[in-house]
């Protein structure tokens, strides 16, 4: 490292410049940034292990409880059981990745180097958004499907479950004659493969949308801890605050919050909350939140001093 | 090449850059001087579009920086060597910069070789010393083979070896006909490298001239004479149109004539001399004199009021 002599500037000449620096180069650059830091891999690994691991545990727990008491077979939403951890914890973990995609540039001051190399900020922001959305979506879809299959495998043989390939019929109600008496079931619920597929994909999309909300809050707040706190506030604390409001009208408010979609998207046994819209309109609400926050983030990213 | 016109930037109520106008000419090293807090970094950030000016404009080759087709091919700027993601390897850091300007991948290896970081290319930059970080930053500025290079306080905190390396690099870059715009709060640093100077204080332009003009302009340029008969010499010098002032201990400071002339006058008048030397204000003093009124925070050093620093024999040009 002790080269004190004058550096001989013998660099090969560059190919002649054509066109101008634009989105394609920015996309390549942002992908390099994302794949070249360890936090990306740690976060994705944590997302996968937590989501799939808890799906397996939940599957075993269901199988065990049915083994102990057959009455527990009634109205088991096996799909939701496999996706719940991915939805509840996964959205938090991927929110960290989303926030970091922007805030790590500010915490390390890399943003100044990035914007010196590529001063067209709209392009930089768009490239970040596209690369992050693509990665988050792929990771979410894979995690969602794997969590489902692992969760189902864990509860196989228990008499309940869900399948992507055929309809599954489970009992609706259980009546037990005395504490240890025989169990009889009445009514059935038919879970179609289409419903299951909708839940798996819908949950992955919802988790991606939450990741985008985190990304946008990262652009607005420019501080990792601040952005993650804001996501937790929006997705977890706000619903609790609203939950203490009078039952007569709180649902009219709750359906406008980004977390509400989670209450309907993961459900496959037809017990949707009557106060909320159906799955896709409710997901639309979350998407609108993401879109508005991203627009604000993009505006501030362009307008503020870096 | 770089034109700054009426540039003004306020942070809250504080004016960081105040109606600054100057141009940076191609093909030479221009030193950008000012005390700490004078607005040098802010000016550089404004040139690069990192901050937005409240008034005025900046153009690089006639265009705002953000409209350059390939910014890295025209300007290589290093404002802060630590402005990198420490978790990323040196190679990947440079790669993600090169990709934004569609520069070939092979370029990354070349600039790493040039700055002597090839061996640590795959190491995360978190563990780099300041000197190594500085080299990494400079490697980044050279990726696009730009004609204009901008460095903000590049030798700050470096060891003597690192300082020498940077100094030689700047000379090598200028020797290739590139424009180098380098800021410093140390005049001594500029003495050895800069052809031109832009001096600012409290965000305002104080001087925009060549290095030799700057030296000539400084009030301290004088001939120092020590003689047992000062009164006689004062008269003789006055007769030839010079001015001599007593500097204590029989020492005179002569202004308005060269060393040779003063020697000749003494010889012609048979005045005994014990000392005859050139006393040129070092650049540091000239600089301090110029910026005395604009230093942001004065340290209260007794007997050393800014702008009134006792002269010392010049040692210009002996530093390298």
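The values are calculated or read from the model by the stated rules, or taken from the named source; none is laboratory data. Because the structure is predicted, anything quoted here is derived from the model rather than measured. Glycine gets a Cβ as well: all are built from the backbone with ideal geometry, and neighbour counts include every protein chain shown.
In the set (1) crowded, with 16+ Cβ neighbours inside 10 Å; (2) closer than 23 Å to residue B:189 by Cα; (3) at pLDDT below 95, residue B:76 fails one condition alone, (3). Of the numbered criteria (1) at the interface with chain A (Cβ under 8 Å from one of its Cβ atoms); (2) closer than 12 Å to residue B:139 by Cα; (3) over 28 Å from the mean Cα position of the chain (by Cα), the one residue B:96 fails is (2). Please find, among B:31, B:6, the residue that is in contact with a strand residue (DSSP E or B) (Cβ under 9 Å, 6 or more places away or on another chain) and on the phi > 0 side of the Ramachandran plot. Being in contact with a strand residue (DSSP E or B) (Cβ under 9 Å, 6 or more places away or on another chain) and on the phi > 0 side of the Ramachandran plot holds for just one of B:31, B:6, which is B:6. Count of the stretch B:99-124 residues, restricted to those that are more than 10 Å from chain A (Cβ to nearest Cβ) and assigned to a helix (DSSP H, G or I), is 4. Please tell me if residue B:197 is touching a strand residue (DSSP E or B) at 6+ places or on another chain (Cβ under 8 Å), more than 16 Å from residue B:290 (Cα to Cα), modelled with pLDDT of 90 or more and crowded, with 21+ Cβ neighbours inside 10 Å. It is false that residue B:197 is touching a strand residue (DSSP E or B) at 6+ places or on another chain (Cβ under 8 Å), more than 16 Å from residue B:290 (Cα to Cα), modelled with pLDDT of 90 or more and crowded, with 21+ Cβ neighbours inside 10 Å. Only a single criterion out of (1) over 17 Å from residue A:116 (Cα atoms); (2) surrounded by 14 or more Cβ atoms within 10 Å (Cβ to Cβ); (3) facing chain A (nearest Cβ under 10 Å) is not satisfied by residue B:90, namely (3). With respect to the conditions (1) under 15 Å from residue B:139 (Cα atoms); (2) within 29 Å of the chain's Cα centre (by Cα); (3) surrounded by fewer than 24 Cβ atoms within 10 Å (Cβ to Cβ); (4) more than 7 Å from chain A (Cβ to nearest Cβ), residue B:67 lacks only one, and its number is (1).
Candidates are the residues of the stretch A:120-165 that are within 11 Å of another protein chain (Cβ to nearest Cβ) and surrounded by 23 or more Cβ atoms within 10 Å (Cβ to Cβ); the one that is nearest to residue A:21 (Cα to Cα) is A:124.
Picking from residues in the stretch B:7-22 that are in a strand (DSSP E or B) and loosely packed, with under 14 Cβ neighbours inside 10 Å, the one that is nearest to the chain's Cα centre (by Cα) is B:21. Among the residues of this structure, residue B:93 counts as one that is touching a helix residue (DSSP H, G or I) at 6+ places or on another chain (Cβ under 8 Å) and in a helix (DSSP H, G or I). Hey, does the stretch B:130-149 have a residue that's free of Cβ contacts under 8 Å to residues at least 12 places away in the same chain, surrounded by fewer than 17 Cβ atoms within 10 Å (Cβ to Cβ) and under 24 Å from residue B:84 (Cβ atoms)? Checking the stretch B:130-149: not a single residue is free of Cβ contacts under 8 Å to residues at least 12 places away in the same chain, surrounded by fewer than 17 Cβ atoms within 10 Å (Cβ to Cβ) and under 24 Å from residue B:84 (Cβ atoms).
Say whether the condition of being within 14 Å of another protein chain (Cβ to nearest Cβ), modelled with pLDDT of 90 or more and in a helix (DSSP H, G or I) is met by at least one residue in the stretch A:11-23. Yes, the stretch A:11-23 has at least one match.
Among the residues of the stretch A:65-85, are any facing chain B (nearest Cβ under 8 Å) and in contact with a helix residue (DSSP H, G or I) (Cβ under 6 Å, 6 or more places away or on another chain)? No, the conditions are met nowhere in the stretch A:65-85.
In the stretch A:251-270, of all residues being in contact with a helix residue (DSSP H, G or I) (Cβ under 7 Å, 6 or more places away or on another chain) and surrounded by fewer than 16 Cβ atoms within 10 Å (Cβ to Cβ), the one that is farthest from residue A:287 (Cα to Cα) corresponds to A:253. Candidates in the stretch B:36-55 are the residues that are more than 8 Å from chain A (Cβ to nearest Cβ) and closer than 29 Å to residue B:127 by Cα; of these, the one that is surrounded by the fewest Cβ atoms within 10 Å (Cβ to Cβ) is B:36. Which one of the conditions (1) surrounded by 22 or more Cβ atoms within 10 Å (Cβ to Cβ); (2) at pLDDT 95 or above; (3) more than 10 Å from every other protein chain (Cβ to nearest Cβ); (4) touching a helix residue (DSSP H, G or I) at 6+ places or on another chain (Cβ under 7 Å) does residue B:58 fail to meet, given that it meets all the rest? Result: residue B:58 passes all but (1).
Hey, could you check the stretch B:165-179 for residues that are within 12 Å of chain A (Cβ to nearest Cβ), under 15 Å from the mean Cα position of the chain (by Cα) and in contact (Cβ under 8 Å) with a residue 60 or more places away in the chain and say which is surrounded by the fewest Cβ atoms within 10 Å (Cβ to Cβ)? Only one residue tops the list, namely B:171. Scan the stretch B:142-179 for residues that are closer than 14 Å to residue B:78 by Cα, part of a helix (DSSP H, G or I) and out of contact with any helix residue (DSSP H, G or I) (no Cβ under 8 Å at 6 or more places or on another chain) and report the count. Number satisfying all stated conditions: 0.
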